[in-house]
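Here's the structure we're looking at; comments come further down.
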There are 4 protein chains.
Amino acid sequence: MKKTFNSDKEKIRVAVLGMGRQGQIHSKNIAYRIPEAELLCVSDISIERAEKVGIEGVELYDDYKEILARDDVEAVVIATSTDTHEQIIKETARAGKDIFCEKPIALSLEAIDEVLDIVDENGVKFMVGFNRRFDPTFMRVKEHLTEGNIGEPHIVNITSRDPKPPHLEYLKVCGGIFFDTSVHDFDMARFLSEEEITEVYATGSVLVDERIGELGDLDTTMITLKFANGAVGSINNSRKTGYSYDQRVEVFGSNGCAIGNNERPNRVELTDPKGTHKDVPLYFNIERYPEAFFGEVNAFIKAVYNDEEPPVTGQDGRTAVVLSLAAQKSYEENRPVKVSEIG
Amino acid sequence: MKKTFNSDKEKIRVAVLGMGRQGQIHSKNIAYRIPEAELLCVSDISIERAEKVGIEGVELYDDYKEILARDDVEAVVIATSTDTHEQIIKETARAGKDIFCEKPIALSLEAIDEVLDIVDENGVKFMVGFNRRFDPTFMRVKEHLTEGNIGEPHIVNITSRDPKPPHLEYLKVCGGIFFDTSVHDFDMARFLSEEEITEVYATGSVLVDERIGELGDLDTTMITLKFANGAVGSINNSRKTGYSYDQRVEVFGSNGCAIGNNERPNRVELTDPKGTHKDVPLYFNIERYPEAFFGEVNAFIKAVYNDEEPPVTGQDGRTAVVLSLAAQKSYEENRPVKVSEIG
Amino acid sequence: MKKTFNSDKEKIRVAVLGMGRQGQIHSKNIAYRIPEAELLCVSDISIERAEKVGIEGVELYDDYKEILARDDVEAVVIATSTDTHEQIIKETARAGKDIFCEKPIALSLEAIDEVLDIVDENGVKFMVGFNRRFDPTFMRVKEHLTEGNIGEPHIVNITSRDPKPPHLEYLKVCGGIFFDTSVHDFDMARFLSEEEITEVYATGSVLVDERIGELGDLDTTMITLKFANGAVGSINNSRKTGYSYDQRVEVFGSNGCAIGNNERPNRVELTDPKGTHKDVPLYFNIERYPEAFFGEVNAFIKAVYNDEEPPVTGQDGRTAVVLSLAAQKSYEENRPVKVSEIG
Amino acid sequence: MKKTFNSDKEKIRVAVLGMGRQGQIHSKNIAYRIPEAELLCVSDISIERAEKVGIEGVELYDDYKEILARDDVEAVVIATSTDTHEQIIKETARAGKDIFCEKPIALSLEAIDEVLDIVDENGVKFMVGFNRRFDPTFMRVKEHLTEGNIGEPHIVNITSRDPKPPHLEYLKVCGGIFFDTSVHDFDMARFLSEEEITEVYATGSVLVDERIGELGDLDTTMITLKFANGAVGSINNSRKTGYSYDQRVEVFGSNGCAIGNNERPNRVELTDPKGTHKDVPLYFNIERYPEAFFGEVNAFIKAVYNDEEPPVTGQDGRTAVVLSLAAQKSYEENRPVKVSEIG
């Protein structure tokens, strides 16, 4: 006796656009780990890159427009290059498909607002990929807040440091450290505290690589946050630890203090005459956040499947950019900037 | 333009027998995470259970003999019920297919020897599923030994405690705590130390559940190990922690000491007026060892693919049973038992 | 045969003024733990309080001026109430005795400068009691810097939170949170980084107790630091954790990152079904810093004994006050303040 | 006005015999940290060594018999060489003074019994110096048991390893590892579990230094414990870690598991490209147990002061020796030995 599977007709049929590292991760998570979804097809401008995904039965395209034209595609994950987000979100929204898009939505506040208007007009679901909200450690810190174990948030401290700077070519187009790195931390600060940020003060230096300074950018920064409830916070960023990804958060409140520490590859301690040693934290975002990459797409699919609002909205994406703009302005003018001054 | 994947002709074509929890995990790992393998088919005596696996394109059988009869199946993963291992290994070996089998190989030393002879005669590869060898934490402890960071092993301590006892029905057929639980720890002791165990002394009690005692079994045990190089060791087992899986190892040597600690679901510490709190360790083997379950099957496929000896041999499986027999005898006679006394 | 000790004629003969909790700790450390010193006498305006010290053979005074008039007293530890420091330092300097004084030197920058001039003119040694510099954990962090294990400092983060607010009466006279609490952290930032602070930005709120706000003070603050070498830093203070003293530091540099964590009363971890628990950190400064209280006075005596410069100078005390003034100004004007703007 | 202290007439007047390292520590604790005690005098066969103690006002003797003859001495701390304990305890008991004595009471079970009889007959208080019972970490583990946080004890694991072997001369007279090292761990096992040990099995090897084997001694051991309530336990000892003192305990019970970890000199973690590093644990007993050395003598003085039974009795000292004898016999005969077989 022999038998093949019947596909479940009620699965959400999904396409992933862009087969860079992020797109491939999303594709595999959708194909293998999310029972409510069926991965129909993927696209990349390089068909060779798309072929590397290697998921049985998935159709490949080199033009995403062909995917958007398919009636059977219900939800689209946009993981293409940053500068294409704006255009592809608009097209996907107009095609009536639900959208998950990596940050940023677009490169200017005006463009973001236009995009969000079009999303709204077309009544599609929209979620921005702030993956760290789905990291088990950071989720647990937040849970301590919502469970009342911390009380009212008073101080939020975020450490977010890369193992090494990106290539110079990337640095030239990334928009600067506040838009490329701190933007995630602004979102994390809002997520963890459940409070809006009302004022920021940003300072920083070029201590890692002079060429970063030559681009008019910074590589070491400290941002002070003021929240609507009076809480204060700090974000410190560096482009280079030398060791690995240093991603920690702390929420101190009226009842207690929750600290989310770094993730390591194992739970081993070696003691020798020089001391007690643990391995360095996981290297970078790919190693550190696999569960978060799964969690965000899973949350998107669940929201589409259950016809609910996705947990990270277009407004969340917009607000993080507003805060980055405030930080940039604060740094340039060396003064605290009220968020209300921006857009 | 549209294109589907060509399957890679050189992949190892694999079948998985038995679609219990373990068989399903193996199936998904083979289908999704091991590029050298292609999962052709799976079997279970309940076709409904097999259907739940839900992997696109995999054929389902309710009779594993049909799978063994297929010429295209090159390697077989046996995850059927314990009492069937002996028979199915023999049949699979005679069908000329490489074999990965969950422990135990068989239920008596005589049967194991017969099975290993048949495996040998048929020249197929054979690997026993001591998954914990592939846990990232325990691998790192071992690596500290092989890198010389520990020096010569002097003391090996293994803590291995279940969150709660299995069902009474399972307890009746599992062979007792030394065969069901300690067997993994005996293998771990050999793996971590790279030394053979020459003598064991086992003692224990019924402290968790009287019904375990009524079965003639123990639920709390302490086993002393003596190794060939003179090192000493201990294994402590309990059927019930109340909290979660407690799986820790320690290798102390002439140069240093490596400790492999428990795995937790996150890296959060909450400090409140009562203390500083972390979440309990992961609940049980499914939660604790996902990477180990992947790692063992991956190692098997790699060995088949590269025509190499699998890293856990039939002799490893046999030795762990010999040690369990020695522990049982030691407990019954309340005296240290030399391993050479057994089989 | 019977024999009593001969006193060592070369010991430094010391007096301690003020027998509050701090003065008593200093007295016992000098009498019992510092072989180079001999505690001759102590004073307190309340002779009953002085009697409680209970050290065999020490003479008691209710008027410190009688002590300053003694020729045999070589060094004086001033632990009297804050508002008397200025006057007593001047008198002690004019009496030609070496001085250890609790912070602050005086209540205004002008007064501090006058005091330091008088100290200088009289050629006596002078040390300010920034005890935390002598805490074994913070010393080890600093040592990692000086040994090159951190490289050049890039980011310095200091967490300094009290278990609960002081009494309202104390709050009224303490000068505000920047002068009472942050002043220690400013000194720690300078100590750990070996860099001068060039700019500060301070913000804060009243979240703990409204009465603190009614005094025009803050109870929750965040201070951004800019260092001469371009490094950035943060200090976060709270008047109330609810759990205990939260005193942690972090120096992140070009080669590595050293974190000094909280001290706890023991090294016990309890795991039960709710999680893994450690006891809260030590309650407050008396519990947290006993070794630092010893260390600072020991360092002072060693400096006097060996005729060396004490490790915390009058300028260190002055600079911490300058930074507090800058923080206060920054908060009042809500703008970053260059340290050079102050005095 | 000038005033000296009046001594408190009700203080317990104490003498310390033996001014080795331990005797000096006891003397300082009694003189400086225990208000209920007054240190009247100390003795040592070397008056030069006694002089080094350096406590103001304490009388020195080179013959302890002169001290025992003094009517004003109420309590005696015996810290003389091991082979003199038996004789001095007897003399002190007959002199009617309360006794604190370092372990062992005497070198044979018969001698111990005779000593305890004489102590009894003379109605003096008697306490044995099992200092580790007063270590804050081990006390907290015990407290978790008595508070019910652990439930009934099921498994007790004790790790007790020295940084390096003692001098050969000491090894020759120390009685062997079971009497010199494990004896403390036997007491700890009884203390932590509040259960009597009924059976032991001891095995071991010579892995550290061949000369230890030439003395007929072991340097690496594993002892299995069986407790009266059915609980099991293990003690592992090594004469050499290479790093520092490795002193950890674990009590696993029906409700939870308490682990007492090593003490380190500070709370610093350094992360660099090689990993995250802490300093090694404190070096040896002098560094590790200062609070325990204080705690035991303090408990003795408190018991004398309040006319209560001291918390570590002569029977406790005797039982630990009985267990050492059982371990020795078990090792020699390579079989489990019931404690009831001994004396």
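The values are calculated or read from the model by the stated rules, or taken from the named source; none is laboratory data. Every value quoted in this text rests on a predicted model; they were computed, and no experiment measured them. Neighbour counts run over all protein chains shown; Cβ positions are idealised from the backbone, glycine included.
The table for this structure:
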{"quantity": "Search result, residues across the stretch C:202-211 that are more than 8 Å from every other protein chain (Cβ to nearest Cβ) and farther than 17 Å from A:GLY253 by Cβ", "calculated": "C:ALA202, C:GLU210, C:ARG211"}
{"quantity": "Hits in the stretch D:107-138 - residues which are polar (S, T, N, Q) and part of a helix (DSSP H, G or I)", "calculated": "D:ASN122, D:ASN131, D:THR137"}
{"quantity": "Scan of the stretch C:141-193 for residues that are closer than 24 Å to A:SER160 by Cα and of a type in the set (D, E, K, R), ordered by number", "calculated": "C:LYS142, C:GLU152, C:ARG161, C:ASP185, C:ARG190"}
{"quantity": "Some residue of the stretch B:260-270 being at pLDDT 95 or above, within 10 Å of chain A (Cβ to nearest Cβ) and over 30 Å from C:HIS277 (Cα atoms)", "calculated": "no"}
{"quantity": "Of all residues in the stretch C:135-153 being in contact (Cβ under 8 Å) with a residue 40 or more places away in the chain and charged (D, E, K, R), the one that is nearest to C:GLU195 (Cα to Cα)", "calculated": "C:GLU152"}
{"quantity": "Residues (outside any helix (DSSP H, G or I) and either under 15 Å from D:CYS101 (Cα atoms) or in contact with an Asp or Glu (Cβ under 6 Å, 6 or more places away or on another chain) (or both)) located in the stretch D:310-338", "calculated": "D:PRO310, D:PRO311, D:VAL312, D:THR313, D:PRO336, D:LYS338"}
{"quantity": "Qualifying residue in the stretch D:278-286 (condition: touching a strand residue (DSSP E or B) at 6+ places or on another chain (Cβ under 6 Å), modelled with pLDDT of 95 or more, more than 10 Å from chain C (Cβ to nearest Cβ) and farther than 25 Å from C:TYR289 by Cα)", "calculated": "no"}
{"quantity": "The stretch B:57-76: number of residues that are buried (at least 19 other Cβ atoms within 10 Å of the Cβ) and within 18 Å of B:ILE118 (Cβ to Cβ)", "calculated": "4"}
{"quantity": "Any hit, the stretch A:280-297, residues being buried (at least 19 other Cβ atoms within 10 Å of the Cβ), outside any loop (DSSP other than H, G, I, E, B), among the aromatic types (Phe, Trp, Tyr) and on the phi < 0 side of the Ramachandran plot", "calculated": "yes"}
{"quantity": "Which listed residue is farther than 22 Å from D:GLU291 by Cβ and away from chain C (no Cβ under 11 Å), from D:ALA79, D:ALA75, D:ALA93, D:ALA37", "calculated": "D:ALA93"}
{"quantity": "Counted residues, the stretch A:249-279 - those being assigned to a strand (DSSP E or B), crowded, with 21+ Cβ neighbours inside 10 Å and in contact (Cβ under 8 Å) with a residue 24 or more places away in the chain", "calculated": "8"}
{"quantity": "Spans of helices (runs of 4 or more DSSP H) in the stretch C:13-81 with at least 2 residues under 24 Å from the mean Cα position of the chain (by Cα) and without any contact (Cβ under 8 Å) to a residue 40 or more places away in the chain", "calculated": "C:21-28, C:47-51"}
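Conditions tested, residue by residue: (1) of a type outside the set (Val, Ile, Thr); (2) at pLDDT below 95.
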{"position": "D:ASN131", "(1), (2)": "yes, no"}
{"position": "D:MET139", "(1), (2)": "yes, no"}
{"position": "D:ASN149", "(1), (2)": "yes, no"}
{"position": "D:HIS154", "(1), (2)": "yes, no"}
{"position": "D:THR159", "(1), (2)": "no, no"}
{"position": "D:LYS172", "(1), (2)": "yes, yes"}
{"position": "D:ILE177", "(1), (2)": "no, no"}
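Rundown of residues vs (1) of a type in the set (Val, Ile, Thr); (2) more than 14 Å from chain A (Cβ to nearest Cβ); (3) under 30 Å from A:GLU147 (Cβ atoms), yes/no style:
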| site | (1), (2), (3) |
| --- | --- |
| B:THR221 | yes, yes, no |
| B:ARG239 | no, yes, no |
| B:GLY242 | no, yes, yes |
| B:PRO273 | no, no, yes |
